[in-house]
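Accompanying notes for the structure given below.
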Amino acid sequence: MNNFNYYAPTKVVFGKDTEKETGRLVKEQGASSVLVHFGGKSAIASGLIDRVCQSLKEEGIAYETLGGVVPNPRLSKVREGIALCREKKIDFILAVGGGSVIDSAKAIGYGVANEGDVWDFYAKKRMPTACLPIGAVLTIAAAGSEMSNSSVITNEDGGLKRGCNTDLCRCRFAVMNPELTYTLPDYQTQCGCTDIMMHTMERYFNMSENMELTDGISEALIKTVMKHSKILKEHPDCYESRAEVMWASSLSHNDLTGCGTDGGDWACHQLEHEIGGMFDVAHGAGLAAVWGSWARYVYKARPERFAKFARNIFNIQETDDEKAAVAGIEAMENYYQSVGMPTSLCELGIHATEEQIKEMADKCSFY
Ligand code: NZQ
Ligand code: ZN
């Protein structure tokens with residue numbers, strides 16, 4: 001078992017109607033002027049933005065709004081947010097949405113609290129030393145940004161999708177009402193479930209000795225999400241399934257499933273970030289499209305680990321590790337297909353040219 005730090009400072013407020021507590025939670029943080037940041041249309045259409053703003057008003061908290069964050073959130077919107085925050089002397093950012101909105105909020109938080117160009121932090125030219133405090137009202141279970149140390153932004157100039165990871169940006173609180181996810185289209189629900197599982201799988205397929213407890217948590221998480229993703233295909237308004245998946249989204253990416261390991265592989269995320277940067281696909285679908293090819297490419301480096309995955313996740317009885325590993329990879333791909341996720345770039349609708357593949361490979365080795 002490796003030594004590890006585990007830091008999960010986000011206060012989680014989970015369950016029905018919890019968005020009504022947002023004003024109180026913001027006040028608890030000592031904020032006086034808030035930026036309410038959100039996406040394209042879902043949070044407006046559902047009335048959530050109105051409810052959240054009402055809850056701020058009830059606590060006497062001043063706020064500005066900035067919507068229009070798109071999936072694979074853009075640097076230009078971040079710059080707009082930074083300028084607005086400086087002009088209005090904002091001291092707290094409330095992200096109402098999914099990973100894209102939360103990541104955009106984190107980037108704005110870095111931009112406001114540090115001198116110079118915010119992109120420097122994503123281009124790995126320097127590290128931020130501060131971030132405005134962030135809170136989240138989550139509307140999709142997927143990226144896990146509500147508890148992660150990560151923010152991923154796309155620079156339209158060059159189609160570069162890059163992450164910046166520091167504990168400074170971890171949300172002060174996350175409001176998680178599973179009912180808010182009822183309105184998700186099935187495709188987004190399944191993309192989210194894929195991403196949730198992948199955050200644990202990236203950590204699970206590592207090269208270190210492993211903790212029995214961490215492995216047990218990881219396997220339970222993956223099986224739980226798999227089970228409930230299928231229920232949600234038939235019953236999108238099943239509260240219990242929405243709740244299981246939502247809690248899994250946070251636990252999968254708040255480092256819990258990496259405790260005691262070497263941190264994992266993360267190649268699929270690096271590959272997907274280049275695909276997302278160039279072709280603007282949904283993150284979870286991009287991950288499903290590359291996972292099978294990645295797994296077949298690497299499993300021989302540690303067949304016993306892939307065999308354990310096959311046996312414990314899919315109950316594969318094969319005693320030979322290599323054969324079990326391959327059977328597990330096939331079973332995972334069958335699962336993806338059963339929930340409408342792609343298992344190749346072609347199925348994702350991408351027919352990349354040789355030149356585009358080379359460009360993505362070059363960008364991918366940036367880290
Ligand atoms: O903009 P609206 O209209 O809200 O539509 C969104 C968007 O089109 C929609 N949506 C969200 N909540 C909804 C809803 N539609 C109906 N009802 C609701 N309740 O869903 C679409 C996707 O939203 P998005 O925020 O993009 O999804 P997700 O949470 O999957 O975030 C993806 C982004 O997070 C990054 C990804 O790369 C991608 O850019 N990631 C961030 C991570 C992190 N910060 O820790 C880790 C991840 O690995 C990931 O890289
Ligand atoms: Zn992800």
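The values are calculated or read from the model by the stated rules, or taken from the named source; none is laboratory data. Remember, it's a predicted structure, so these values are computed and weren't measured experimentally. Every residue, glycine among them, receives a Cβ derived from its backbone with ideal geometry; neighbour counts consider all protein chains shown.
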Query raised in the report: buried (at least 16 other Cβ atoms within 10 Å of the Cβ), touching an Asp or Glu at 6+ places or on another chain (Cβ under 9 Å), in a strand (DSSP E or B) and of a type in the set (Val, Ile, Thr): does that describe Val175?
Result: yes
Requested in this report: Residue by residue through segment 58-96, note down the ones that are part of a loop (DSSP other than H, G, I, E, B) and small (Gly, Ala, Ser).
Outcome: Gly60, Gly67, Gly68
Query raised in the report: When segment 178-197 is examined, which residues are found to be not polar (S, T, N, Q) and not in a helix (DSSP H, G or I)?
Result: Tyr182, Leu184, Pro185
Requested in this report: For residues that are assigned to a helix (DSSP H, G or I) and under 23 Å from the mean Cα position of the chain (by Cα), scanning just segment 113-128, find the one that is surrounded by the fewest Cβ atoms within 10 Å (Cβ to Cβ).
Outcome: Asp120
Report task. Could you figure out which of (1) within 16 Å of ligand 1 (Cβ to nearest atom); (2) free of Cβ contacts under 8 Å to residues at least 40 places away in the same chain isn't true of His273? Result -> (2)
Query - Residues within segment 129-161 that are surrounded by 17 or more Cβ atoms within 10 Å (Cβ to Cβ), at pLDDT below 95 and farther than 30 Å from Asp186 by Cβ, tallied - result: 1
Query - Search result, residues across segment 244-256 that are out of contact with any Phe, Trp or Tyr (no Cβ under 8 Å at 6 or more places or on another chain) and farther than 20 Å from Glu209 by Cα - result: Glu244, Val245, Ala248, Ser249, Ser250, Leu251, His253, Asn254
Report task. Could you look through segment 240-256, keep only residues that are more than 14 Å from ligand 1 (Cβ to nearest atom) and of a type outside the set (A, V, I, L, M, F, W, C), and pick out the one that is surrounded by the most Cβ atoms within 10 Å (Cβ to Cβ)? Result -> Ser241
Query - Within segment 16-38, tally of residues that are more than 17 Å from Lys89 (Cβ to Cβ) and assigned to a helix (DSSP H, G or I) - result: 10
Report task. Considering each of Ser145, Ser151, Ser100 in turn, give the residue that is in contact with a Gly (Cβ under 8 Å, 6 or more places away or on another chain), assigned to a loop (DSSP other than H, G, I, E, B) and near ligand 1 (Cβ under 9 Å from one of its atoms). Result -> Ser145
Query raised in the report: Just one of the numbered conditions (1) away from ligand 2 (no atom under 16 Å from the Cβ); (2) closer than 25 Å to Tyr122 by Cα is not true of Lys233; which one?
Result: (2)
Query raised in the report: Is it the case that segment 144-152 has a residue that's out of contact with any His (no Cβ under 9 Å at 6 or more places or on another chain), more than 16 Å from ligand 2 (Cβ to nearest atom) and at negative phi?
Result: no
**Report entry** Pair list, Cβ under 6 Å, 6 or more apart: segment 333-359 residue over 16 Å from Asp195 (Cα atoms) and without any contact (Cβ under 8 Å) to a residue 12 or more places away in the chain, other residue among the polar types (S, T, N, Q) and loosely packed, with under 15 Cβ neighbours inside 10 Å
**Finding:** none
Requested in this report: Could you tell me which of the residues Asn210, Asn254 is outside any helix (DSSP H, G or I) and either in contact with a Cys (Cβ under 8 Å, 6 or more places away or on another chain) or more than 21 Å from Ser145 (Cα to Cα) (or both)?
Outcome: Asn210
Requested in this report: Give the residues of segment 154-172 that are part of a loop (DSSP other than H, G, I, E, B) and hydroxyl-bearing (Ser, Thr, Tyr), sorted by residue number.
Outcome: Thr166
Report task. Pick out the one residue from Ile196, Ile217 that is aliphatic (A, V, I, L, M) and either in contact with a Phe, Trp or Tyr (Cβ under 7 Å, 6 or more places away or on another chain) or away from ligand 1 (no atom under 13 Å from the Cβ) (or both). Result -> Ile217
Query raised in the report: Restricting the first residue to segment 178-194 and requiring it to be away from ligand 2 (no atom under 16 Å from the Cβ), which pairs with a second residue that is among the aromatic types (Phe, Trp, Tyr) meet a Cβ separation below 7 Å and a spacing of at least six or different chains?
Result: Pro178/Tyr239; Glu179/Tyr239
Requested in this report: Please indicate, with yes or no, whether at least one residue in segment 151-171 is under 26 Å from Gly47 (Cα atoms) and without any contact (Cβ under 8 Å) to a residue 60 or more places away in the chain.
Outcome: no
Report task. Go through (1) in contact (Cβ under 8 Å) with a residue 12 or more places away in the chain; (2) surrounded by fewer than 18 Cβ atoms within 10 Å (Cβ to Cβ) and name the single condition Asn5 misses. Result -> (1)
